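Bear in mind these aren't lab numbers, they're just calculated from the coordinates by the rules spelled out. Quick caveat, the model's predicted, so the values are computed rather than measured. With ideal geometry, Cβ positions are generated from the backbone for all residues, glycine too; neighbour counts draw on all protein chains shown.
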Amino acid sequence: MPNICIIGLGNPGIKYDGTRHNIGKDWVKAVTRDLDLRLKSKKKIESTIATSSDEKILWGYPDNYVNESGHSVSKIIKSNNFNLEQMIIIHDDLDLPVGSLKLKIGGGHGGHNGLRSIISYAGKSFIRLRVGIGHPGSKVDVTNWVLGKFKPAERNPILESFYKFNNIIELLSNNEIQNAQLQLHTE
């Protein structure tokens, strides 16, 4: 049985690939592709998943919209007998600068509807990998911002943060969350 489950949030459909809101899902797809793992859609849990070759990590993403992520996450937890503390949710964060990463245990939803859904279905003691996407400056622009693609100038910071994430996967797989936080948060 896997030690942890890493779930990336994102919307279904090709038109959302590469958008700020899909950063979690896109990262899960990229890591599993790099590791030559085959993601499979599982209707019963409304998710697409793959197990790492060392069987320490269950990778995946919900097959429904970000705002409905709680349905899938709660089904993944129940079908795999995970504790909520074994769940790592990768999601976009408007309050962090582009490419900034924060690994946090528990907390509120911070206005993120995907987290709000997960908290309502499963609780809030899961681990979050917050990926900074920056803020458009005005609240009225937020929806278009999160559903928009990264600007050329934002691609390098996002790629650098993806490499930083890759460097802590081993720590995460061994439940060394504090060490992963130390590595990520120490510049």
Testing Gly114 on (1) under 20 Å from Asp34 (Cβ atoms); (2) assigned to a helix (DSSP H, G or I); (3) within 16 Å of the chain's Cα centre (by Cα), one condition comes back false. Which one is that?
(1)
Condition check for Gly108: on the phi > 0 side of the Ramachandran plot and outside any helix (DSSP H, G or I)
no
What are the residues in region 53-88 that are in contact with a helix residue (DSSP H, G or I) (Cβ under 7 Å, 6 or more places away or on another chain) and under 19 Å from Asn167 (Cβ atoms), if any?
Lys56, Ile57, Trp59, Ile88
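Residue-by-condition table, conditions (1) surrounded by fewer than 16 Cβ atoms within 10 Å (Cβ to Cβ); (2) among the small types (Gly, Ala, Ser):
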position	(1), (2)
Ser117	no, yes
Ser125	yes, yes
Gly148	yes, yes
Glu160	yes, no
Glu176	yes, no
Within region 127-146, restricting to residues that are in contact with a helix residue (DSSP H, G or I) (Cβ under 7 Å, 6 or more places away or on another chain) and either small (Gly, Ala, Ser) or part of a helix (DSSP H, G or I) (or both), the one that is surrounded by the most Cβ atoms within 10 Å (Cβ to Cβ) is Val146
With region 18-104 as the region, which strands (runs of 3 or more DSSP E) entirely inside it contain at least 2 residues that are under 14 Å from the mean Cα position of the chain (by Cα), touching a residue at least 12 places away in the same chain (Cβ under 8 Å) and surrounded by 16 or more Cβ atoms within 10 Å (Cβ to Cβ)?
47-51, 57-62, 87-93
